[in-house]
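Below is one structure, written out as structure tokens; the observations come after it.
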Amino acid sequence: MRKEMLGSMEQHRLTKKKEVFSEWFIEKLLLMAGISSTLIIALIFLFLFKEAVQFFKTAGSFDLIGKWVYDDWEERNVFKMMWQSISEVPKYSLIPLFCGSFLVAFPATIIASVLGIGCAIYLSELAPPKVREMLKPTIELLAGIPSVVIGFIMLAFLATFIQDVFHTKFRLNAFVGACGVALAVLPIMITIAEDAMRAVPKELRDASYALGATKWQTIWGTVVPAAVSGISAAVILGFGRALGETMIVLMATGNAALVTGNIFSSVRTMTANIAAELGSVAQGTEHYYALFLVGAVLFTFTFTLNFISEIILNKMRQKLRM
Amino acid sequence: MEIKILNSGKTLRVNQDQDLSSNTTKILVRDLEMFYGPVRALHGIDMEIKEKAVTALIGPSGCGKSTFLRTLNRMNDTIPGARIHGTVLIDDVNIYSPEVNVAVLRRMVGMVFQKQNPFPKSIFDNIAYGPRLHGVIDKAVLEHIVEESLKKAALWNEVKDRLQTGALELSGGQQQRLCIARVLAVNPEIILMDEPASALDPLSTAKIEELIYELRKNYTIVIVTHNMQQAARVSDFTAYFYMGSLVEFGLTKDVFTNPLKKETEDYITGRFG
Ligand SMILES: Nc1ncnc2c1ncn2[C@@H]1O[C@H](COP(=O)(O)OP(=O)(O)O)[C@@H](O)[C@H]1O
Ligand SMILES: [Mg+2]
């Protein structure tokens, strides 16, 4: 009796071992996939920063703000905050690029937030199921438009329209770019914000209705506040994407590296700057490293924004699981 | 008063210390039918619910207790495909007539749910939610309402020093009393409760039952319960539902000691259900 039991147990253990081995193997394979993607990100980080710091071999950190340059016209030294990489005295100030990036990304985020949150509220709270079923794939389709196509439409049509309406000095300017970028980041913002609102339990809506709230009172008083962390995560993530968007801004913003706060001025963003210049620069030069430095700064920005939004989303998921 | 139920050997304390015959009718239900799409969930219900009394709805799971309860404050309106025939008169007004303002109706007929559902807001904001909806913005008035409601719900002493903390930090039982306070804050006349204690421990359940007993002096209460003892303890009237029909309805003491129908007797004595 005992022996029999032992025997069967032995056998059981053997068959189990086989299973356990294949499971072990698959588990390790997946682990490797996970580790390698993290590793790749770490390597990109490392490579980018390794190249970027080389800039300081020949230049000082003050050069990132501006340079004193002798001005032939005014016949005295003037302080120039310019990005002028091809010049007798090359200037690598990041200030005009910051101006450009933020002057595009801020308005783009605001436009996309208003449209995106509105659309998310409609989809999650108001749309009849049939309309929702039509709209959801349409939004996914929008996400699939290549950014070069959006850029082209902005460049060819919207720019003219905006110049006619606002009588702007530059046909291609930050605002035109912002409109295009808003379009590009809209789908992801809608998706995240809508998910957040749909995750609000039905019980909370019922509680609100049972107290005599109307649909709108329930949306503003219960659903949106309960989903606020998810909605802010959507906005932050959208902002990160807007900062990183390249093709649309390259095509639609005019690419003049100006220090300006005027939304209708031509600007050059960090991304467009890299895209436009990196192809024609000699490796190992100061200019080359300067571009890497811009890339490192940009990466730091977008990485931080993504990180923050991921933390917020995780917290929200934990809170709602309760 | 202790009553031995029929031949089951169980004894129950039945609520019987008040003459209810003089109470006026608060809710009058006539020939009520309710459909979820093509499926009929309620069949020709007639019921007369007395003012300032507790009416318990009992019956096996899925028999339509919650559905019936939700017809009384039109919460079924929020369910797609739900339809209704027949009349529900509250104070002689048909609540399904087109002139009725549903927001006002729901304020008058409050509801407490099976699973406690406080908003993820502070204790104060939970109670103030209803009054704010209906236009109260004065801080002093709101503070007064919050205090009064919490006192009526027997929660004030436990939370008075932390009104600004999150409602979700309270225990389950406290959260349910908070939900009751939230309903009281809009000054209802009728309170509907759908198995309000089914997710709570015995001690919290006892507190809720005590509270119901107190509230009954000023409010008309309709409570769904799974628990026979609870129905016997807290209610004045009992309605037994089975498969969408009202099988028996009467004074709790009569339904529990001397039911008219065999099915009721079987259910109450636990022979079925
Ligand atoms: N939202 C709904 N949609 C469709 N059918 C429902 C819905 N809610 C309840 N029902 C059905 O109506 C019947 C009564 O349900 P319910 O009132 O919840 O019963 P009880 O509260 O007595 O357990 C059940 O058969 C249930 O499946
Ligand atoms: Mg139920």
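Here, each number is a calculation from the coordinates, and none is a lab measurement. These numbers were taken from a predicted model, which means no experiment stands behind them. All Cβ positions, glycine included, derive from the backbone under ideal geometry; neighbour counts span all protein chains shown.
Provide, as a two-decimal number, the C-alpha radius of gyration of chain B over 2.2 N^0.38 Å, N being how many residues it has.
In units of the 2.2 N^0.38 Å rule of thumb, it is 1.01.
Using the Cα centre of the stretch B:2-268 as the reference point, and only Cβ charges (+1 on K/R, -1 on D/E), how large is the resulting charge dipole? Debye, rounded to the nearest 20.
Around 380 debye, computed over the stretch B:2-268.
Amide H to amide H under 5 Å from B:A82: which residues, 5+ apart in sequence or cross-chain, H placed 1.01 Å off N in plane?
Residues meeting the criterion, in which the H sits 1.01 Å from N, are B:G37.
Work out from phi, with θ = phi - 60° and the Karplus expression 6.51 cos²θ - 1.76 cosθ + 1.60, the ³J(HN,Hα) of each residue of the stretch B:160-172, listed in order in whole Hz, and give x for Gly and Pro.
4, 8, 9, 5, 8, 7, x, 5, 6, 7, 6, 6, x
Where is the GNM fluctuation largest for chain B (alpha-carbon springs, 10 angstrom cutoff): B:A231, B:A197, B:A128?
So, out of B:A231, B:A197, B:A128, the one fluctuating most is B:A128.
Taking Cα atoms, how many degrees apart are the long axis of helix A:228-244 and the longest axis of chain A, rounded to 10 and kept between 0 and 90?
40
What is the magnitude of the charge dipole of the stretch A:30-149 about its Cα centre, with +1 placed on the Cβ of each Lys and Arg, -1 on the Cβ of each Asp and Glu, and no other charges, expressed in debye to the nearest 20? Working shown, then result.
Details: 9 positive and 10 negative charges, 80 e Å.
Using only the charged Cβ atoms, the result is roughly 380 debye.
5 Å is the cut-off here: which amide hydrogens, built 1.01 Å from N in the peptide plane, fall below it relative to B:K121, excluding neighbours closer than 5 in sequence?
B:A167, B:L168
Counting other beta carbons within 10 Å of each Cβ, put B:C63, A:C119 in order, fewest first.
Result, fewest neighbours first: A:C119, B:C63.
How do B:T78, B:T225, A:T304 line up, fewest other C-beta atoms within 10 Å first?
A:T304, B:T78, B:T225
Sequence gap at least 6, Cα distance under 8 Å: using those rules, report the relative contact order of the stretch A:94-321 to the nearest whole percent.
RCO, the stretch A:94-321: 31 percent.
Please report the antiparallel percentage of the DSSP beta bridges confined to the protein assembly as shown, to the nearest 5.
65
log₁₀ I(q)/I(0) of chain A at q = 0.07 Å⁻¹, via Debye over equal Cα point scatterers, no solvent, to two decimals?
For chain A at q = 0.07 Å⁻¹, log10 I(q)/I(0) is -0.43.
What is the helix-to-structure angle for B:123-133, meaning the angle in degrees between its Cα long axis and the longest Cα principal axis of chain B, kept from 0 to 90 and rounded to the nearest 10?
Around 80 degrees separate the two axes.
On average, how many beta carbons from a partner chain sit within 10 Å of the beta carbon of a residue in B:99-109?
That works out to 2 on average.
If amide hydrogens are placed 1.01 Å from N in the peptide plane, which non-local residues have theirs closer than 5 Å to the one on B:M193?
Close amide H contacts, sequence-distant or interchain: B:V112, B:V222, B:I223, B:V224.
Putting +1 on Lys and Arg Cβ atoms and -1 on Asp and Glu Cβ atoms, find which of A:L278, A:M32, A:L293 reaches farthest to the positive end of the dipole of chain A.
Checking the options against the dipole of chain A, the answer is A:M32.
Simple spin-label model, 7 Å along Cα-to-Cβ: B:R30 to A:V89 in nm?
9.7
I need to check one value: relative contact order of chain B, counting alpha carbon pairs closer than 8 Å and at least 6 residues apart, in percent.
Contact order relative to length: 28 percent.
In whole Hz, what ³J(HN,Hα) sequence does the stretch B:75-81 give by Karplus (6.51, -1.76, 1.60; θ = phi - 60°), x for Gly and Pro?
Values per residue, Gly and Pro as x: 5, 5, 4, 7, 9, x, x Hz.
Quick check: the distance between the Cα centres of the stretch A:99-120 and the stretch A:222-262, to the nearest angstrom?
Taking the Cα centre of each part, the stretch A:99-120 and the stretch A:222-262 sit 5 Å apart.
Under a point-charge model restricted to the Cβ atoms of Lys and Arg (+1) and Asp and Glu (-1), what is the dipole moment magnitude of the stretch B:134-273 relative to its Cα centre, in debye to the nearest 20?
Around 100 debye, computed over the stretch B:134-273.
Residue farthest toward the positive end of the dipole of chain B, with Cβ of Lys/Arg at +1 and Asp/Glu at -1: which of B:I45, B:I223, B:L105?
Of B:I45, B:I223, B:L105, it is B:I223.
Under the 0.36 nm per residue contour assumption, what length would be gained going from the current alpha-carbon distance of B:R40 and B:L260 to full extension? Intermediate results must be reported in sequence, preceding the final value.
Details: separation 220, 0.36 × 220 = 79.20 nm, distance 2.59 nm.
Once the chain is fully extended between B:R40 and B:L260, it gains 76.6 nm.
Cβ under 9 Å from B:V224's Cβ, B:V224 left aside: what net charge do those residues give with Lys, Arg +1 and Asp, Glu -1?
Result for the neighbourhood of B:V224: -1.
Under 10 Å, Cα contacts only: if you run a Gaussian network model on chain A, which one of A:G180, A:G118, A:G238 comes out with the highest mean-square fluctuation?
Fluctuation is largest for A:G118.
Can you compute 3J(HN,Hα) from phi for each residue in the stretch A:248-255, using the Karplus curve 6.51 cos²θ - 1.76 cosθ + 1.60 with θ = phi - 60°, rounded to whole Hz and x for Gly and Pro?
My calculation for the stretch A:248-255 gives 4, 5, 4, 7, 10, 9, x, 6 Hz in order.
For a quick check, take a GNM of chain A with Cα springs below 10 Å and name the residue from A:I150, A:I110, A:I311 with the largest mean-square fluctuation.
Highest fluctuation among the options: A:I311.
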